[in-house]
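Participant: Quick one: this structure, given as structure tokens, is what I'll be asking you about.
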Amino acid sequence: MATNFLMHEKIWFDKFKYDDAERKFYEQMNGPVSNASRQENGASVILRDIARARENIQKSLAGSSGSGASSGPGGDHSELVMRIASLEVENQGLRGVVQDLQRAISKLEARLSALERNSPAHRTTAPQTQHVSPMRQMESSTKKTATEDDEDDDIDLFGSDEEEDKEAARLREERLRQYAEKKAKKPALVAKSSILLDVKPWDDETDMGQLEACVRSIQLDGLTWGGSKLVPVGYGIHKLQIQCVVEDDKVGTDLLEEEITKFEEHVQSVDIAAFNKI
């Protein structure tokens with residue numbers, strides 16, 4: 001039953017016979033080919049490809065456009081050559097930029113060294129620009145020199161910094177002494193004020209001339225009388241407006257009022273009409 005079933009199927013049971021016949025035909029035409037010869041032929045082809053690739057790479061690096069470089073992937077090799085040439089140009093430009101940067105750095109180092117050499121003189125002239133009182137400046141300078149000396153005791157090797165600090169302290173003390181002498185010789189400013197006084201009498205029968213004479217008779221250190229005038233108040237009564245200049249440290253408004261009101265027969269009251277600093 002199984003044999004009959006397989007007879008009706010389209011299966012190539014004797015395919016190996018046809019394969020053997022085909023192999024024998026090609027062997028008669030070309031001769032027998034062994035597996036070893038086949039492997040040698042494949043290896044020789046690979047070696048030839050490797051040698052050709054090496055030759056093309058060497059030619060592309062040397063900049064030559066030979067037949068090997070132009071044949072096959074010639075477009076890629078020419079592009080590689082162009083890229084190498086552009087990289088060489090860019091490299092030259094970068095070298096110029098690096099040289100410029102090196103020159104600029106050398107100039108900056110020279111300027112920095114010059115500033116470091118001039119730094120001690122700059123520290124000595126610094127106190128002139130500070131608006132500090134001489135005593136505070138001397139205390140701060142002494143404290144600063146003391147702290148600097150304490151720090152330099154740990155790191156100073158040859159004593160040169162200590163000598164520079166002593167010289168700077170000596171110059172600072174000399175400048176402070178000169179400043180104190182100059183300030184002592186300068187005359188002190190005297191604060192003055194201009195005062196306008198209103199002196200009122202008791203009634204219209206008060207002699208205003210006598211009242212003004214009484215007021216001007218007051219003589220104090222730092223007091224200078226100025227102009228005066230009579231100003232009508234009403235009902236025939238006039239008040240005396242008199243101006244004076246006083247030194248603030250010597251004469252005050254309370255003292256003036258006290259001295260003027262001592263003339264009780266003529267003066268009723270004293271008011272300050274205007275007060276201005278000079």
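Participant: Pick out the one residue from 34, 60, 106, 44 that is at pLDDT 85 or above and open to solvent by less than 70 Å² (accessible area, probe 1.4 Å).
Facilitator: Just one listed residue meets the conditions, 106.
Participant: Run residue 245 past the list (1) part of a strand (DSSP E or B); (2) without any contact (Cβ under 8 Å) to a residue 60 or more places away in the chain; (3) surrounded by fewer than 12 Cβ atoms within 10 Å (Cβ to Cβ); (4) not polar (S, T, N, Q) and report the number of the one that doesn't hold.
Facilitator: For residue 245, the failing item is (3).
Participant: With at pLDDT below 75 and exposed (fewer than 15 other Cβ atoms within 10 Å of the Cβ) as the only criterion, which of 221, 150 stands out?
Facilitator: Result of the check over 221, 150: 150.
Participant: Please go through the stretch 224-242 and pick out each residue that is among the polar types (S, T, N, Q), open to solvent by 70 Å² or more (accessible area, probe 1.4 Å) and out of contact with any Cys (no Cβ under 9 Å at 6 or more places or on another chain).
Facilitator: Selection gives nothing.
Participant: Filter the stretch 256-278 down to the residues that are of a type in the set (A, V, I, L, M), within 29 Å of residue 205 (Cβ to Cβ) and out of contact with any helix residue (DSSP H, G or I) (no Cβ under 7 Å at 6 or more places or on another chain), then identify the one that is most open to solvent (accessible area, probe 1.4 Å).
Facilitator: 273
The values are calculated or read from the model by the stated rules, or taken from the named source; none is laboratory data. All figures in this text were calculated on a predicted structure; none of them were measured in a lab. Heads up, the Cβs are rebuilt from the backbone with ideal geometry, glycines too, and the neighbour counts pull from every protein chain shown. When the accessible area is computed, the model is the full protein with side chains, heavy atoms only, and any ligands, DNA or RNA have been set aside. Shrake-Rupley method; radii C 1.70, N 1.55, O 1.52, S 1.80 Å.
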